[in-house]
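These notes are about the structure you will find just below.
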Amino acid sequence: MSAVVLITGAASGIGLAVARRVVARGDRAILWDVSQSGLDAATAELGAHATSRVVDVADAEAVTRAGEAIENVGVTHLVNNAGILGQKTNWDALDVPAVARVMAVNVVGFMQVASVFLKARVAHPSAGIVNMASIAGENGGAPGFAAYGASKGAIMALTRGMARDLAPEVRVNALAPGIIDTPIQDAVMTAPDSREKAAEGIPMARLGTADEVAQAAEWLLFDAPYTTGEIIRIAGGRR
Ligand code: NAI
């Protein structure tokens, strides 16, 4: 049975890599992202098996409307992936709205997208959700980015709770990538040798690629019928 996979944050990086794999299988991808230009480029590349919509996952009304728009398209799987790093935390003068924005996109957004997906979804033998966590959810994140780490720790707990709530109809798993070479890293990899320096702390001695994460997402979505509530690190051995 063919699948229709809703992917958030699908205009770039890991989300786009998942969309490429979905389309390569002959399945269909629905791409949600805040970047119109990114979505235009992605759909031009992916062709007729991909459709897109500008959706800010932290905008409750926009997600509700977008959810209604997919109620009759037979969506079967979700990759909850849109995420932001946020800004560096200044503990002496906490920017509360900035922290709230990280939580709104990375945690509450995931929950609302899951909710509208569940309302719109049709049954599929491998029905499942993959949430994009991070090893930052375990180690606290890069120095200065504790809010991001906290949001990803929340995704880990959310994944286990959702897996319990939605079984046996829908499996819910998470991936916890390490340092993956996508545009989100540009905020922290500011020095010319940042990537080489980062690689020194990774047992596999290099950054990961978006497609290496997408490969694991594809497995969790389609080939892991008895796997739910799991969090899999894709981190080259880094903790
Ligand atoms: P990316 O920056 O290349 O892609 C993120 C995408 O999400 C962008 O297309 C962006 O426009 C979109 N986005 C941002 N805010 C949004 C919103 N409010 N609503 C809808 N779309 C929004 O980054 P990457 O690396 O592909 O990140 C994907 C996910 O993987 C994120 O959740 C990130 O936290 C997670 N991750 C990434 C790691 C890395 O090292 N690249 C490591 C661990 C986790």
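The values are calculated or read from the model by the stated rules, or taken from the named source; none is laboratory data. Only a predicted model underlies this, so the values are computations on that prediction, with no experimental measurement involved. When we count neighbours, we look across all protein chains shown, and the Cβ atoms used for this are built from the backbone with ideal geometry, even at glycine.
A quick yes/no check of all residues on (1) in contact with a strand residue (DSSP E or B) (Cβ under 6 Å, 6 or more places away or on another chain); (2) not in a helix (DSSP H, G or I):
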site	(1), (2)
Arg21	no, no
Arg53	yes, yes
Asp56	no, yes
Arg65	no, no
Trp91	no, yes
Met111	no, no
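Pairs are defined by a Cβ separation below 8 Å, a sequence spacing of at least 6 or placement on different chains, a first member in segment 7-30 that is under 19 Å from Leu85 (Cα atoms), and a second member that is within 15 Å of the ligand (Cβ to nearest atom) and aromatic (Phe, Trp, Tyr); the pairs so defined are Ile7/Trp32; Thr8/Trp32; Gly9/Trp32; Ala10/Trp32. Number of residues in segment 193-210 that are in contact with a Leu (Cβ under 8 Å, 6 or more places away or on another chain), within 20 Å of Arg239 (Cβ to Cβ) and among the hydrophobic types (A, V, I, L, M, F, W, C) equals 2. Tallying residues that are closer than 13 Å to Ser52 by Cβ and either surrounded by fewer than 22 Cβ atoms within 10 Å (Cβ to Cβ) or among the hydroxyl-bearing types (Ser, Thr, Tyr) (or both) within segment 12-23 yields 2. In segment 136-232, counting only helices (runs of 4 or more DSSP H) that sit wholly within it, the ones holding 1 or more residues that are over 23 Å from Val102 (Cα atoms) and within 15 Å of the ligand (Cβ to nearest atom) span 194-200, 210-222. From the list Gly9, Gly26, the lone residue that is within 19 Å of Val130 (Cα to Cα) and either surrounded by fewer than 18 Cβ atoms within 10 Å (Cβ to Cβ) or within 11 Å of the ligand (Cβ to nearest atom) (or both) is Gly9.
Quick check on segment 183-200. Is at least one of its residues closer than 15 Å to Asn80 by Cα and not charged (D, E, K, R)? Looking for residues that are closer than 15 Å to Asn80 by Cα and not charged (D, E, K, R), one finds none in segment 183-200, hence no. Here segment 151-192 is the region considered, the condition is being hydrophobic (A, V, I, L, M, F, W, C) and at pLDDT below 95, and the residue that is surrounded by the fewest Cβ atoms within 10 Å (Cβ to Cβ) is Ala191.
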